[in-house]
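Written out below as structure tokens is the structure these notes cover.
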Amino acid sequence: MAGEGAELAKEMFKRVATYLTTPAQGTKPEKERKRSRRLPWYTHVFGVLLPMGMHLWWQHRRRNKPHAPGS
């Protein structure tokens, strides 16, 4: 048991040391890559159909909306 805890502590220390010694410029491209793969929050929360349905409804509403003269 004590050996597992020591290995875990050693591994955590290595990760923290790597994090602290890595410059911010080295991690920035990785963060941007992860961010580009992430789904938008509304798709993550509501799935695909509800946001798509809201979008289609809003487009239809905007097309058929009566406009005031001069606007």
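Structure above, values below:
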{"read-out": "Condition check for K10: on the phi < 0 side of the Ramachandran plot, over 29 Å from the mean Cα position of the chain (by Cα) and modelled with pLDDT of 85 or more", "value": "yes"}
{"read-out": "Output for the range 18-71, where each listed residue is loosely packed, with under 10 Cβ neighbours inside 10 Å and either in contact (Cβ under 8 Å) with a residue 12 or more places away in the chain or β-branched (V, I, T) (or both)", "value": "T18, T21"}
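The values are calculated or read from the model by the stated rules, or taken from the named source; none is laboratory data. Keep in mind that this is a model prediction, so the values were computed, not measured. Please note: Cβ atoms are built from the backbone with ideal geometry, for glycine as well, and neighbour counts cover all protein chains shown.
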